[in-house]
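Notes to accompany the following structure.
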């Protein structure tokens, strides 16, 4: 269903979910982007604690290599650990060969996936040399065949995350590429409108999201430069896309789900009944501290002491750029020898009032 922004009937606008995702189960127009080293079970569980009680959205994994999934123990591999009650899981795979994809799809469906996402947006060299990720965008017919072979062996929806092919002047090329994916069996696409060459530099070209959504008949998720709930609302209203996807910005402030839920009239998160989402820079800084302490606990629970510390340090290096004195917090976590020392250092750090900036120059 479409969502209305709270306000008077004359100014309210339908935002998101103009076309159904997961057969209409999804009713919340913001989701987390798949990110290596970040979108694991501990972060997902932390973020679900901020999701409105009556909201359902999709959840990613880290990128999974289709050549490895068939032989891995999915219940013990850190990238595929999951809470037994997790819903809406859409694992993302890298792949271009039919047999590994077939076996991966079967295993991930048994594991609990509700859709399979194909990565055609990763610009790193490791993916490029195997003709994975954004390399697939260089050959539209080949990319469509990867979708076709995945959909042929899948009983659940198949989606694609992709990048722009160029500027809005080359939009017809993008539309042709996406049409090929649609005809091959893709149920929706997510567009990050930066080229592979841009990586995270420059601004995301939301106009391409708008044009693509207007030109196709299936859901389009928009990704890029969503750092706050206001950004998510703006993307939804300006582009008309069905969902907004956020990466590091949402990892840094999981309560963005809570904020957006308040703006759209959803119920409070289960653990936040009677409370209001943090909004000021000081409130958000304090919430980051509470989040981080909870994240340390979850990482230790799922990964054990040593791996948990590595996961937390990576999270802090990635997300503390929004904090005043974020570098100092990174140092606190780097010096800790145990998770208990880490928690004590974090508690002491946030005894002072720490402000959180709405935006950073780090692109999303």
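The values are calculated or read from the model by the stated rules, or taken from the named source; none is laboratory data. Nothing here was measured: the structure is a model prediction, and the numbers come from that model. Don't worry about glycine lacking a Cβ; one is built from the backbone with ideal geometry, like all the others, and counts go over all protein chains shown.
What number of residues in the range 213-248 are surrounded by fewer than 24 Cβ atoms within 10 Å (Cβ to Cβ) and assigned to a helix (DSSP H, G or I)? The number of residues fulfilling the criteria is 11. State yes or no: is residue 297 assigned by TED's automatic domain parsing to the domain that holds residue 340 and surrounded by fewer than 19 Cβ atoms within 10 Å (Cβ to Cβ)? So residue 297 fits the description; yes. A single entry from 257, 293, 298 fulfils the requirement of being touching a strand residue (DSSP E or B) at 6+ places or on another chain (Cβ under 7 Å) and part of a helix (DSSP H, G or I): 257. Restricting 323, 329, 234 to residues that are within 23 Å of residue 203 (Cα to Cα), over 18 Å from the mean Cα position of the chain (by Cα) and free of Cβ contacts under 8 Å to residues at least 40 places away in the same chain narrows the list to 323. For residues in the range 12-51 being assigned to a helix (DSSP H, G or I) and in contact with a strand residue (DSSP E or B) (Cβ under 7 Å, 6 or more places away or on another chain), which is farthest from residue 264 (Cα to Cα)? Here the residue is 44. Could you check the range 273-286 and list, in sequence order, the residues that are buried (at least 18 other Cβ atoms within 10 Å of the Cβ) and under 19 Å from residue 30 (Cβ atoms)? Residues satisfying the conditions are 277, 278, 284.
Residue-by-condition table, conditions (1) modelled with pLDDT of 90 or more; (2) outside any loop (DSSP other than H, G, I, E, B); (3) buried (at least 23 other Cβ atoms within 10 Å of the Cβ):
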{"site": "103", "(1), (2), (3)": "yes, yes, no"}
{"site": "109", "(1), (2), (3)": "yes, yes, no"}
{"site": "118", "(1), (2), (3)": "yes, yes, yes"}
{"site": "126", "(1), (2), (3)": "no, yes, no"}
{"site": "148", "(1), (2), (3)": "yes, yes, no"}
{"site": "161", "(1), (2), (3)": "yes, yes, yes"}
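The listed residues are 292, 257, and the only one of them that is closer than 18 Å to residue 34 by Cβ and either within 20 Å of the chain's Cα centre (by Cα) or buried (at least 23 other Cβ atoms within 10 Å of the Cβ) (or both) turns out to be 257.
Checking each residue in the range 83-99 for being free of Cβ contacts under 8 Å to residues at least 40 places away in the same chain and farther than 21 Å from residue 37 by Cβ picks out 84, 85, 87, 97, 99. Can you tell me how many residues in the range 316-364 are out of contact with any helix residue (DSSP H, G or I) (no Cβ under 6 Å at 6 or more places or on another chain), exposed (fewer than 14 other Cβ atoms within 10 Å of the Cβ) and not in a helix (DSSP H, G or I)? Matching residues across the range 316-364 total 6.
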